[in-house]
Structures are given as structure tokens and as C-alpha cells.
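The values are calculated or read from the model by the stated rules, or taken from the named source; none is laboratory data. In this text, all values refer to a predicted model and were calculated from it rather than measured experimentally. Here the Cβ positions follow ideal geometry from the backbone for every residue, glycine too, while neighbour counts run over all protein chains shown. Just the protein is used for accessible areas: all its heavy atoms, side chains included, with ligands, DNA and RNA removed. Shrake-Rupley method; radii C 1.70, N 1.55, O 1.52, S 1.80 Å.
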Protein chains: 6
Amino acid sequence: MSEDAATLEAFRHFREKMNTAILEGGNLTINRFFALDTRAYEDGALDAKTKELLGLVASMVLRCDDCITYHVVRCREEGVTDREFYDAFAIALVVGGSIVVPHLRRAVARLEELPAS
Amino acid sequence: MSEDAATLEAFRHFREKMNTAILEGGNLTINRFFALDTRAYEDGALDAKTKELLGLVASMVLRCDDCITYHVVRCREEGVTDREFYDAFAIALVVGGSIVVPHLRRAVARLEELPAS
Amino acid sequence: MSEDAATLEAFRHFREKMNTAILEGGNLTINRFFALDTRAYEDGALDAKTKELLGLVASMVLRCDDCITYHVVRCREEGVTDREFYDAFAIALVVGGSIVVPHLRRAVARLEELPAS
Amino acid sequence: MSEDAATLEAFRHFREKMNTAILEGGNLTINRFFALDTRAYEDGALDAKTKELLGLVASMVLRCDDCITYHVVRCREEGVTDREFYDAFAIALVVGGSIVVPHLRRAVARLEELPAS
Amino acid sequence: MSEDAATLEAFRHFREKMNTAILEGGNLTINRFFALDTRAYEDGALDAKTKELLGLVASMVLRCDDCITYHVVRCREEGVTDREFYDAFAIALVVGGSIVVPHLRRAVARLEELPAS
Amino acid sequence: MSEDAATLEAFRHFREKMNTAILEGGNLTINRFFALDTRAYEDGALDAKTKELLGLVASMVLRCDDCITYHVVRCREEGVTDREFYDAFAIALVVGGSIVVPHLRRAVARLEELPAS
């Protein structure tokens, strides 16, 4: 993981700080997108847990470590178990191929930083 | 959609025919990968329906029309409702951006070819 | 180009029809995203012409033919000249590599379908 | 495959025609890139056959059907055998995942259009 | 940002050092590509400022932090204002989706390292 | 390179540790994929050296630094010379464009960490 995300704490701090800076930039399109992004994962026809799993797998096949970190944390908060995580990882790996493996390693490292569900 | 996938029927025919040709190629790595690909979506810690939704969203953000067609069909077979489809589409759209929109159009067109859940 | 986009006319018809279907799906996140997408290209600190060029190059390096078609048309409407188009194509080609070439071919074919600026 | 590439003949015709149109556009950066693209695959420290295989696998993991068609033809011309093709396909599939499968189907269909090596 | 790019100064140092090493490698295709890459952003039918904005947005949707850093610096040198930057960021975000957000955070952090335009 | 890959030694340590953790997760699909991944690069119709070069170029155009590091090391072990590396780099650069350059820099830095072939 990069320096601004070396630990979960560093990731959260940098994320919070820069999100604030971006929103203060005052660009209406960007600010509305951020609101939309939050809204998309709320309970709906699919529940929040399923949506977070969708976000996690999408982040893995697109290979975005920060996005993976975010959704690993949120999935855990929604009660995703270890075996469920690995089932989701398996889909990401089969769809996205070995290019996903380095991100899988970092996802599992993140998971180990969190308290068990 | 491309000519070999102009209708769901044409897609299925071409897919079936070429999968057979590929497996007859006799490459062990490829043949094992195909087996693995099937296995990954079977009921496990996550059920088949959730896994197919994961496959659908992964296919949408990676923008693979044939993969989307396949998972739209499988999701419908697993009982995914229209509102659940749209919730999954929304995650794919927010994660992947407007570049996903043309594939969303074709996904909805496919959905209209299928009997309702 | 795929069958639903064989001509500019076919592309426009399919796009219009499916956008209507998607919006009628009634998913709030998706509908708001569509509104945001339109808004992003309006005159602001950067004018609409520059923004459409940004959308064109982004679509080329992400290799989305339908998105390219859309922005080629919009750029022409904003008065982008042939030489300006080729300058933008050159950036897309150098950033994205030879993998962009097939999309460049189709972009130029689209350009030839349009009246000159 | 898209309409402009429904057969190998259609692909070659469209490619030839549009490459001419692009070069006549007279953008120096683009024209030099095209020259560079040709040059990169000539015999060097690695021979042309190996380089074409590299181009093929790169095209498969980036999922560009036209690029795949081009390199399948060139690989055959350089004497790549069926079993060597399948070994290269296997690397592309393992690195790129199941998202590569639809392109693999079309690659094998292209291969069947060509005389055996 | 990765360790070799923790600060703008570290990024510049590593970039300079490795570019020199690469050019000394003496591969004609690579060396010509580097020349082409520089040439593509010079004033032409589109001016250097517009071209750098195109390079910036292309880098953001392809999610390359080092490329983003380079173009943020160059855009600033060409006089891009904060509000223009945010307009360009908004296009990148809408086209590329939330997967662009972590790169947007780092782009804004880079911008804060630079003197105002 | 990220902190867990700052040196070749750090990369190897983290890779080894996390691969063990992943395999102990006990997901059959994932574990079989890892076996398949190893198998794909063994001598076959194409020899291991050619296959590693294919893996290297695939990793470069998909822009995965850890994958590049792995294949640079393996290519060196298979006797790939500096001039052969640069020929492979040139294909990756032409296919993938300037977006590959930052990864090329890191690939060359990795190569300099290894004993000459």
C-alpha cells in the first residue's frame, strides 16, 4: 500500500482530509457525485450488505486498493464473514485473473487489521 | 451488440459452438480454467444469486457485453427482480462512471428479451 | 461498430430508446447520475468545447465506441475543426497506445458521416 | 465481431481504408506513431514470431478484438502452430481472467478462418 | 503515492533518473516513443494548455498517479486555474466513476504542493 | 513502489506471507486458481522463457507493478538478456501507450536490482 495508506488509520486520515478539501473546492458536479456515491450503497431492493459486496468485487476487478480497503471495512461492518469474503474474492479472481492477486493479498492484509465479524 | 450476439439466440449458439472448439483444443490450463469458472458461481458461503450479481457488476465495470448478457440471464434464472437489477446497475454505474452507460443500455435491452422473474 | 450503432442514425435511435427505458426504471441513483452526466459538459470555468474534447479523449483511451461517437458529434456541434480533432486524437493515441487505433479508425469514420465544421 | 469486421476480408478492407484516411489527415504525431507501431514488431533481440505473440497476448488481456485479429493473422504468417497459439491463449486467460473468454472465442473463430500453419 | 513519489521532489528525481536509464538502454522504438510523447503536447491546432488538460483527464480515467502528477504540474505551468482544474476533475469523475476518487484525492494533494497560478 | 514492495526483498516477504494466508483461507476456487497460475508458465509448446515474456508484457499493459516485478525476476532466471527485455518493453509501450511509462521506469529499476543474465 502507498504511504498515505500504509495503515488503516493513515488511509482514513488522508481520505477524510482530502474529501474535505475536494468538497470545499465547490464544484457542483463533483459534490453531487460524492452524495450520489454514498446514496448508492444504502438499503434498497438489495440490502446494504449485498451492495457493499458488489462494491468490493467491482473495486477488485478494477484494481483500486483504496476502494478495496473502503469496501472491506464496510463489508465487515455489515457482518460479512470470512468465508463470505473469500467467496467474493474468488469471483473477483476468476473474473479478473491473476492480475487481481496482488490486490487480493492487500485485501486479506486489510481484513487481518480488522476485528472479526 | 456484435453480429455473433445480435440476439440472445445467436449469442447462445456462438458461445456453445466456440466453447466446444476451445475445449477440444486440449490445452489443460484453459480447460481447467473453464471448470473453475463454472464452479465459482455455485452455492457456497454466498448463495448463487448473490454470486451472479457479483459477476454481473464485475462484468459491467469491466465493460464486457457478452459477460453481461450471460450474467443477466443467470441472474434472472436465480430470481433477481427488476428492482434488484436496477440496484446492481446503479452500483456498476457509480463505480465505473458514464463509460458504463452504453453497456447498461445493452443490459436493459437483454433484460427485455427475457421473461419477467 | 455493433449492429445497434451501424450508422449514426441507428446509434441515435437505440440510445434514445434505451435511455428512456432506463429512466423509466425509476432508480433514483441512476436517474440522478444521468442528470449529472449532462450537467458536467455545460459551460463553466472551461467552456463546452473544451469539455467535449476532454470527454472525447477520455472515451478514446477507455476505448468506448459509443461514447466516442457521442463526443465526436458534440465536438463538431461546438465547432471543433478537423485539425483540432486530429490533435486530440494524437493525445489519445500517445497516452493510450496502439490499442486505441481501432477506435481511432471508427472515430474518423464517424467524423466522415458528419457535415464539416 | 462488429459489422466492419464480420469477416477477415471486411476487417482488412475497413482497416486499410481508414488507415489511409488517418494518414492523409496529416497529423505528424499520429503518422509517426503508425510508423513506430510497424517497426516495433520487426526482428530484433527477440524475433518477429515472439514479438507477434507478445502483441497477441497484450491485445487479449486488453480485450481489443481488432488487435487480436491482426496479431492472430501475423502469428500464423510467422509460423505459430495451433498448440503454440493455445499456450499463448492460456497465459492471456490466466492473467486476464474470464473476462477474456469472449475474446478467446472470437480469436479461435478467426484462427479457423485461416489456413493451418 | 508510492515511496518513489512521496513528494513532488522525490517524484521528479526518480522520473529523471529512470528516464535517463531507459534512454541509455538504446532501444530505438522506445527512444522514438519518448520523443513523440513530448512532441504531442506542443502548441498546434489546440494550444499546449488544452492539450495538457486532455493529458490530465486521460491520466485520471486510466488512473495513473505519476501521469496525473506530471500533468497537474504542466497544467499549472500553462496557467490552469483552480476552477478550471475542478472542471476537468469533474469530467474525469463522471466519465470514470468513483474508482477515480482516490486518484482525485492525490491530484488535489499534488495541487496543494504547487504555487497558485 | 508501495511500502510492501519498496525493495525486492520486502516484495518477496509480503508476497510469501500473504500467499500463505490466502491458501489457508481454504477457498477451493482460489486455491485451484493459484495452482493453475503456476502451471500456465511451465514448458509446453512454448518454452518457459517465452511464456514469462508473455506474462511480463501482459502485466505491463495492465499496469500491475507487483506482477511486473515477479515476471522481471522470472525472465532473468530464464536467461532473458537486457536487449531482449528492452524489445519486450518496447512492445508493451507501443501497445499500451505513455500510461505504461511509469511502470517501465519501475521495471527498469527492478532490473537494476538483479544480477545480470
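If I filter segment D:20-34 down to residues being of a type outside the set (S, T, N, Q) and over 11 Å from C:Leu104 (Cβ atoms), which single residue comes out as surrounded by the most Cβ atoms within 10 Å (Cβ to Cβ)? Write out each step before concluding.
If we filter segment D:20-34 for residues that are of a type outside the set (S, T, N, Q), which is where we start, we get D:21-26, D:28, D:30, D:32-34.
Those still in the list that are over 11 Å from C:Leu104 (Cβ atoms) too: D:23-24, D:26, D:28, D:32.
Numbers: D:Leu23: 13, D:Glu24: 9, D:Gly26: 11, D:Leu28: 13, D:Arg32: 18.
The extreme case among them is D:Arg32.
For segment C:97-117, how many residues meet the condition of being within 14 Å of chain F (Cβ to nearest Cβ) and not in a loop (DSSP other than H, G, I, E, B)? Working first, answer last.
Of segment C:97-117, the ones within 14 Å of chain F (Cβ to nearest Cβ) are C:97-104.
Narrowing further to those that are not in a loop (DSSP other than H, G, I, E, B): C:98-104.
Residues flagged as within 14 Å of chain F (Cβ to nearest Cβ) and not in a loop (DSSP other than H, G, I, E, B) within segment C:97-117 amount to 7.
Would you mind stating whether F:Phe14 is at pLDDT 95 or above and either open to solvent by 70 Å² or more (accessible area, probe 1.4 Å) or under 19 Å from B:Arg39 (Cα atoms) (or both)?
No; evaluated as a whole, the condition is false for this residue.
Out of E:Leu111, E:Leu62, E:Leu46, E:Leu93, I need the residue that is under 12 Å from the mean Cα position of the chain (by Cα), more than 28 Å from F:Glu84 (Cβ to Cβ) and not basic (Lys, Arg). Which one?
E:Leu111
Hey, among the residues in segment B:54-84 that are among the hydroxyl-bearing types (Ser, Thr, Tyr) and open to solvent by less than 10 Å² (accessible area, probe 1.4 Å), which one's nearest to A:Gly55 (Cα to Cα)? Talk me through it step by step, then tell me what you get.
Step one: of segment B:54-84, the residues among the hydroxyl-bearing types (Ser, Thr, Tyr) are B:59, B:69-70, B:81.
Add one more test, that the residue is open to solvent by less than 10 Å² (accessible area, probe 1.4 Å), and what stays is B:59, B:69.
Values: B:Ser59: 13, B:Thr69: 20 Å.
Result: B:Ser59.
State yes or no: is C:Val94 within 14 Å of chain F (Cβ to nearest Cβ) and touching a Ser or Thr at 6+ places or on another chain (Cβ under 6 Å)?
In short, yes.
Are there any pairs with C-beta distances below 8 angstrom linking a residue in segment D:87-110 that is buried (at least 24 other Cβ atoms within 10 Å of the Cβ) to a residue that is hydroxyl-bearing (Ser, Thr, Tyr) and not in a helix (DSSP H, G or I), with the two at least 6 apart or on different chains, and if so which?
D:Ile91/F:Tyr41
Working only within segment B:76-107, note down all residues that are more than 21 Å from E:Gly96 (Cα to Cα) and not small (Gly, Ala, Ser).
Scanning segment B:76-107 gives B:Arg76, B:Glu77, B:Glu78, B:Val80, B:Thr81, B:Asp82, B:Arg83, B:Glu84, B:Phe85.
Give the residues of segment A:63-117 that are over 29 Å from B:Phe34 (Cα atoms) and either among the charged types (D, E, K, R) or in contact with a strand residue (DSSP E or B) (Cβ under 9 Å, 6 or more places away or on another chain) (or both), sorted by residue number.
A:Asp66, A:Arg74, A:Arg76, A:Glu77, A:Glu78, A:Arg110, A:Glu112, A:Glu113
Out of the residues in segment C:35-53 that are open to solvent by 20 Å² or more (accessible area, probe 1.4 Å) and assigned to a helix (DSSP H, G or I), which is nearest to C:Ala90 (Cα to Cα)?
Top of the filtered list is C:Thr50.
Only one of these is within 12 Å of the chain's Cα centre (by Cα), hydroxyl-bearing (Ser, Thr, Tyr), within 28 Å of E:Tyr41 (Cα to Cα) and part of a helix (DSSP H, G or I): C:Tyr70, C:Tyr86. Name it.
Selected residue: C:Tyr70, the only one of C:Tyr70, C:Tyr86 that is within 12 Å of the chain's Cα centre (by Cα), hydroxyl-bearing (Ser, Thr, Tyr), within 28 Å of E:Tyr41 (Cα to Cα) and part of a helix (DSSP H, G or I).
Of all the residues that make up segment D:1-34, how many are in a helix (DSSP H, G or I) and either touching a residue at least 40 places away in the same chain (Cβ under 8 Å) or within 14 Å of chain F (Cβ to nearest Cβ) (or both)?
9
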